[in-house]
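Values quoted throughout were computed directly from the atomic coordinates according to the rules given, and no laboratory measurement underlies them. Being a predicted model, the structure only gives us computed values, none of them experimental. Every residue, glycine as well, gets a Cβ built from its backbone with ideal geometry; the counts of neighbours run over all protein chains shown.
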Ligand code: AHM
Ligand code: MG
């Protein structure tokens, strides 16, 4: 049998008109042009983060070849062991944000205090988890970066404080993540839908690959660390059992960004309930739960801590934790009922 490789398929005019193929930079610029008084600072900030993502992507790809895997021998503010790549990613992002000059303050999972780049005239503050899914770093499993951007509360020109970060999730003006997986993808929202841009290594550019992402109302995937099952609240245990009775797929990577991204594309729910060891849940509100909750809602999904919408929580601490139930709307409703 002979197989012909010639393709006679030509794109239709509608397909040609699709915005797929547009670069992230151009997309950000076009969005900015839609706001006549936009100063361009937010656009620049997003581009700085995307650039740092490219650098981290390169480091991750070389990780097995040079001595950047393994533990650092230190702990972060949460008392967790820092991996070398955690520390490298933290330095890269902070440097990119400082050099970009748009962020007047930064908080990071890896740093106790607010980081002040010295640009007191900047309007924006950034909360970041530079490399999420640390336990997967050494094993070639997908990891990610998560970020959240706010307009500062303190007056421009003064020294920013933690007040600038202790804002409700609903106050975010942009949020996103970069997933370093089988391909690298930058997904973000500025409150007008969610768009995903896949990184083309050979061109060094992100291209729009997932325009206007929407999560299905319901799904057939549940993602949680079932090793903790008997520590979960009774109602959550029952919910997991009901998922199993319905033969839903249990999928858990252990990297929030990767689990969230898969469920966003396929429909499903991610759960990190409170446990005995972590009574407030494990995930950090400002740079893990808030940004992903913003994206989930923008994509038609939902995120709660079991009591209220994640985005309605008013934080009192920079590194506070919250339980998280996030993903397809009906599944999140069911689990919280
Ligand atoms: P990290 O920021 O130290 O990497 O911790 C967050 C990670 C999430 O990416 C992931 O969903 C969760 O912790 C996994 O926790 P566990 O190993 O308890 O299942
Ligand atoms: Mg993290």
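A few comments on the model shown:
- Highest-MSF residue in the chain out of 270, 239, 287 [GNM, Cα springs under 10 Å]: 239
- Considering all C-alpha pairs of the chain, those separated by over 33 Å amount to 26%.
- With 10 Å bins beginning at zero, the pair-distance distribution over Cα atoms of the stretch 168-223 amounts to 20, 41, 33, 6 %.
- Alpha carbon convex hull of the stretch 225-311, projected area averaged over orientations, nm²: 5.7 nm²
- Within the listed set 320, 44, 234, the residue fluctuating most in the Gaussian network model of the chain (springs between alpha-carbon atoms under 10 angstrom) is 234.
- Counting every alpha-carbon pair across the stretch 222-269, the share separated by more than 17 Å comes to 35%.
- Peptides ranked, highest mean first, by Cβ atoms within 10 Å: ranges 196-206, 326-336: 326-336, 196-206
- Cα centroid separation, the stretch 200-277 to the stretch 131-168 (Å): 22 Å
- Ellipticity estimate at 222 nm from DSSP helix runs (n ≥ 4, -39,500 (n - 2.57)) divided over the chain, nearest 500: -8500 deg cm²/dmol
- Taken over the stretch 21-210, the alpha-carbon convex hull comes to 118 cubic angstrom per residue.
- As a size descriptor, the averaged projected area of the C-alpha convex hull of the stretch 158-311 was calculated at 11.2 nm².
- Using the Stokes-Einstein relation with a Kirkwood hydrodynamic radius computed over Cα pairs, the translational diffusion coefficient of the stretch 77-184 at 25 °C and a viscosity of 0.890 mPa s comes to 169 µm²/s.
- Build a GNM of the chain with springs between Cα atoms under 10 Å apart, and of 323, 291, 233 the one that fluctuates most is 233.
- If the chain linking residue 23 and residue 162 were pulled fully straight, counting 0.36 nm for each residue of separation and taking away their Cα-Cα distance, it would gain 46.6 nm.
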